[in-house]
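Q: Have a look at this one before I ask anything.
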Amino acid sequence: MINCILAGVGGQGTVLASKLIAQTAMNRGIKARTAETIGMAQRGGSVVSHVRLGKDVHSPLIPLKSADVIIGFEPAEAVRCLSYLKTKGTVIVSQKAIKPVTASLSDTDYDGNEMLEYLRSQVSSLITVDGERICAQCGSSKVLNTALLGAAISAHALGISLEEMERTIKEKLPSKLVAMNLQALYTGAQGTSKENLQ
Amino acid sequence: MKKLLTGNEAIARGAWEAGVVVCTAYPGTPSTEITENAAKYKEMYAEWSANEKVALEVGLGASIAGGRALVAMKHVGVNVAADPLFTFAYTGVNGGLVLVSADDPGMHSSQNEQDNRHFARAAKIPVLEPSDSQEAKDFTKLAFNLSENFDTPVMLRITTRVAHSQSLVELAERQDSELKKYEKNALKFVMIPAYARRRHVAVEARLDKLREYTEATPLNRIEWKDTKIGVITGGVTYQYVKEVLKDVSILKLGMSFPLPQKLITEFSRKVDKLYVIEELEPFIEDYVKSWGIEVHGKDIFPGIGELLPETIAEKMGVSSSEKKALFKAAESAALANVEPPIRPPVLCPGCPHRGLFYVLKKLKITVAGDIGCYTLGSLAPLSAIDTTICMGASIGTAIGMEKARGKDFARNLVAVIGDSTFIHSGITGLINAVYSKASTTTIILDNRTTGMTGHQDNPTTGLTLKGEPIKEVDMALLAKAVGVERVVIVDPFDLEKLETVLKEELAAEEPSVIIAKRKCALLEKDKVSTPHTVSAETCTGCMRCMRLGCPCIVKDGKKVRINPTQCVGCGLCADVCFSGAIQKEGTSNG
């Protein structure tokens with residue numbers, strides 16, 4: 001069984017990413033369940049998707065302390081979901097912070113570094129991804145989700161292969177977006193820095 | 001063939017397989033995708049109705065005419081549809097009718113977390129509660145058979161975690177959708193007192209039959225394991241119980257009204273300790289207690305918010321090393337004093353509502369609000385909304401405020417309402433404003449779509465759910481037709497004009513309507529736009545632009561900067577900037 005949490009900010013494409021993982025697992029004959037945040041939070045709020053792969057899965061929600069992997073689309077969002085992570089679970093996180101409007105208003109100078117530091121201190125297997133650079137390379141800020149999927153798959157965190165994900169992307173995305181997302185997938189798979197791998 | 005489907009997709013599929021001919025709904029999270037998906041099947045007519053009451057009326061019309069009908073709405077939508085529901089429960093059906101009530105425990109996207117099983121009991125109609133997508137499809141089909149066999153509308157109650165979670169579903173083909181014979185039958189369908197009295201007798205007799213049915217149906221089943229603990233549960237909570245309580249015996253209720261008293265009594269006798277684990281209200285528990293059975297429920301489990309798997313584990317005393325580790329992790333986070341910044345939802349970059357709320361805040365106006373994306377205008381820094389109650393409440397609320405506090409108060413008071421919400425139930429409030437001689441200023445935020453639920457068309461947008469062009473409701477003409485003589489259309493990005501118009505209309509001692517018209521920014525996503533930038537030399541750091549609450553503008557030391565990947569170039573920030581420091585990228589000062 002693999003439990004995966006995707007944590008991000010509304011609009012970053014977490015829902016699509018979770019659907020791509022679930023569909024890829026399905027294509028391989030692995031049972032999948034997901035739960036998404038849809039609604040008000042999609043307008044720039046914190047969003048969390050749960051993806052569960054394998055037999056003997058009942059609940060669509062992953063119980064606390066049971067996630068094998070957290071894919072954080074933003075450092076603070078990864079930290080917010082850390083209580084879901086198993087001991088020795090993996091965290092894949094985009095380094096780029098997204099400042100909440102409320103943090104901009106008050107004098108809390110949130111820049112994500114404190115969150116990344118905290119992740120480094122808590123997570124035994126942490127992979128950071130320079131999502132901003134990959135998105136710039138691929139020419140769109142919208143491909144962060146596939147870039148992070150690439151990183152997660154190359155870390156063997158999801159039990160699926162890049163080639164399988166490539167097939168799902170070709171199957172599920174509008175044809176004009178496929179090339180860009182495949183580039184992000186493979187760049188994400190290469191351009192990660194493994195930290196704390198003990 | 002098996003397919004990965006959300007609960008909502010599965011319900012649409014179930015309706016199609018059941019031979020449904022008419023699907024109606026008013027969009028509302030977490031129910032919206034049911035009807036969006038139903039519209040994809042060409043064999044079914046599907047519509048966005050003007051509101052949930054109309055949706056149910058169209059559905060029951062289809063049923064009386066002999067077709068099967070699916071009507072979907074969020075929990076609070078059932079409040080709107082309650083009037084036809086309670087009497088349609090008396091008449092019963094011809095073609096089967098299933099009402100989907102999508103409840104939202106935890107209020108992910110709702111204004112309350114009412115438990116609609118109470119509605120079904122009050123209306124005396126059966127309730128089925130699926131626990132995953134396969135059951136969502138199966139129960140939908142079964143609900144249509146129940147509806148026709150027992151001559152009753154059936155409620156299919158789902159919750160957010162069933163609606164918006166995906167699991168595997170075995171697909172089947174569409175069954176025959178031949179219409180039932182239509183015959184005029186006034187005794188059954190004309191609810192004048194004399195006939196309704198007879199129907200009430202039929203309703204009670206039907207309920208007795210349903211009580212027999214619920215004892216025997218496989219919808220309610222026992223999964224025996226260790227008999228030390230017995231758990232009665234249903235809906236998605238069943239899945240949580242299966243996940244965290246491995247050894248307990250479970251009575252799973254797929255039908256939660258009427259309840260199987262005998263089956264429950266029998267189950268209670270065979271277990272040492274009985275629990276009811278249910279989300280929100282003690283609906284099952286109250287019945288069980290009323291039968292004199294000793295049971296634990298809300299004495300242990302919360303009746304507020306979502307009931308999560310970890311809460312069930314904790315309350316049932318399932319302790320493990322994992323759980324201990326969890327507390328350790330929580331402790332260490334507390335020790336490290338690391339608190340991720342809170343991240344509430346915000347109006348999107350380029351949102352046409354932003355300028356309006358900025359002006360309302362600036363003029364310190366009291367704002368009676370409504371339900372939609374614009375409800376986000378209540379959050380800091382805009383903080384522009386005083387009340388939000390339900391769909392369409394803004395105008396009535398403003399009238400009441402004026403009646404209580406007088407004309408002077410009304411000179412500083414507006415109602416704000418979106419286009420779809422105005423059609424849903426705002427127009428009646430507006431008629432009331434005229435008739436009650438109020439001087440209400442109503443601002444219709446016309447963004448050409450139903451935004452919050454994910455961009456559905458409505459009678460003002462010119463397209464149907466199936467994407468066919470249709471004549472739009474002209475809201476300005478409509479306002480005039482009900483007697484509002486002062487109707488102005490403004491662009492909410494023209495802040496100067498907006499402010500002038502607002503002041504004029506607030507001063508007027510008669511009702512007026514301002515239509516703030518501009519397309520939702522998310523509908524303009526494909527438009528190539530040039531982001532704005534801040535000149536660090538010119539920026540004085542006054543932070544005036546920060547009052548817009550735009551997610552693209554971030555503090556950078558003592559000044560601000562604009563995130564170019566998010567900015568859509570709406571220019572609102574440039575308009576409010578005193579020093580001219582904000583310009584479109586590539587243009588220079590002066």
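Quick note: the coordinates plus some simple rules give every number you see, no bench work behind them. All of these numbers come straight from a predicted model, not from anything done at the bench. When we count neighbours, we look across all protein chains shown, and the Cβ atoms used for this are built from the backbone with ideal geometry, even at glycine.
Q: Please give me the summed charge of the neighbours of B:D151: other residues whose Cβ is under 11 Å from its Cβ, Lys and Arg +1, Asp and Glu -1.
A: Summing Lys and Arg as +1 and Asp and Glu as -1 gives +3.
Q: Give me the orientation-averaged projected area of the Cα convex hull of the stretch B:220-333, in nm², one decimal.
A: That works out to 7.3 nm².
Q: Using bins 10 angstrom wide from zero, how does P(r) for the stretch B:260-313 break down, in % of all Cα pairs?
A: Taking every Cα pair in the stretch B:260-313, the percentages come to 23, 52, 24, 0.
Q: Follow-up question, since we're still on this one. Rounded to a whole number of µm²/s, how large is the Stokes-Einstein D of the stretch B:333-465 at 10 °C and 1.306 mPa s, given Rh as the Kirkwood radius over C-alpha pairs?
A: 100
Q: Check cross-link reach from A:K65 to the aspartates and glutamates: straight Cα distance under 15 Å, and skip same-chain residues fewer than eight apart.
A: B:E243, B:E310, B:E314, B:E322, B:E331
Q: Taking amide H positions as placed in the peptide plane 1.01 Å from N, state which residues far from B:V231 in sequence (5 or more) or on other chains have amide H under 5 Å from it.
A: Residues meeting the criterion, in which the H sits 1.01 Å from N, are B:S249, B:I250, B:L251, B:Y275.
Q: Let me ask something else. Could you work out the local net charge near A:I30, counting Lys and Arg as +1, Asp and Glu as -1, over the other residues with Cβ closer than 13 Å to its Cβ?
A: Neighbour charge sum, excluding A:I30 itself: +4.
Q: Given labels modelled 7 Å from the Cα in the Cβ direction, how far is it in nm from B:N563 to B:A216?
A: With each label point 7 Å from Cα toward Cβ, the separation is 6.1 nm.
Q: Just list whichever of B:K137/B:K225; A:K19/B:K3; A:K88/B:K2 have alpha carbons separated by over 24 Å in the model shown.
A: Violating the 24 Å limit, Cα to Cα: B:K137/B:K225; A:K88/B:K2.
Q: What span do the alpha-carbon atoms of the protein assembly as shown cover on each of the three principal axes, reported in whole Å from largest to smallest?
A: 82, 74, 48
Q: I'd like the antiparallel share, as a percent to the nearest 5, of DSSP beta bridges with both residues in chain B.
A: 25
Q: Right, next: Rg (Å, one decimal) plus Dmax (Å, integer) for the alpha carbons of the stretch B:1-134?
A: Calculated on Cα positions, Rg and Dmax stand at 13.8, 41 Å.
Q: To continue, here is another question. With 10 angstrom as the radius, rank B:I489, B:I371, A:I62 by how many other C-beta atoms surround their C-beta, starting from the fewest.
A: Arranged by neighbour count, lowest to highest, B:I489, B:I371, A:I62 become B:I489, B:I371, A:I62.
Q: Right, next: Taking only DSSP H segments of four or more residues, each worth -39500 (n - 2.57), what value at 222 nm results for chain B once the sum is divided by all its residues, to the nearest 500 deg cm²/dmol?
A: -11000 deg cm²/dmol
Q: Next question. Where does the Debye-calculated log10 I(q)/I(0) of the stretch B:532-584 sit at q = 0.16, 0.22, 0.32 Å⁻¹, using only Cα point scatterers of equal weight, no solvent?
A: Values, matching the q order: -0.35, -0.70, -1.70.
Q: Can you sort B:R199, B:R544 so the residue with the fewest Cβ neighbours within 10 Å comes first?
A: Starting with the residue having the fewest Cβ neighbours, the order is B:R544, B:R199.
Q: Sticking with this structure for a sec: Taking N as the number of residues in chain B, what is its Cα Rg relative to 2.2 N^0.38 Å?
A: Chain B yields a ratio of 1.09.
Q: Turning to a different aspect of this structure: Where does the charge balance sit around B:T530 when Lys and Arg score +1, Asp and Glu -1, over other residues with C-beta under 13 Å from its C-beta?
A: Residues near B:T530 contribute +1 overall.
Q: For B:M1 and B:T538, calculate 0.36 nm times their separation in residues minus their Cα-Cα distance, and state this gained length in nm to one decimal.
A: Extra length from B:M1 to B:T538 when fully extended: 186.9 nm.
Q: Calculated FRET efficiency, A:Q137 and A:D56, Cβ-Cβ r, R0 51 Å, to nearest 0.05?
A: 0.80
Q: Also: Can you give the angle from 0 to 90° between the axis of helix B:52-64 and the longest principal axis of chain B, with both taken from C-alpha atoms, to the nearest 10?
A: In chain B, helix B:52-64 runs at an angle near 40 degrees to the longest axis.
Q: If you only keep lysine pairs separated by 8 or more in sequence, or across chains, how many in the stretch B:353-524 come under 19 Å at the Cα atoms?
A: 18
Q: Taking every residue in B:157-168, how many Cβ atoms of other protein chains lie within 10 Å of its Cβ, on average?
A: 5
Q: Give, rounded to the nearest 20 debye, the magnitude of the charge dipole that the stretch B:2-216 has about its Cα centre when Lys and Arg contribute +1 at Cβ and Asp and Glu contribute -1 at Cβ.
A: My answer is approximately 560 debye.
Q: Only residues of the stretch B:496-515 count here: report those whose backbone N is under 15 Å from the spot 7 Å along Cα→Cβ of B:R411, or say none.
A: Under 15 Å, as judged by backbone N against the label point of B:R411, lie B:503-510 of the stretch B:496-515.
Q: Please list the three semi-axes, largest first and in whole Å, of the ellipsoid equivalent to the stretch B:1-43, using sqrt of 5 times the eigenvalues of its alpha carbon gyration tensor.
A: 16, 14, 7
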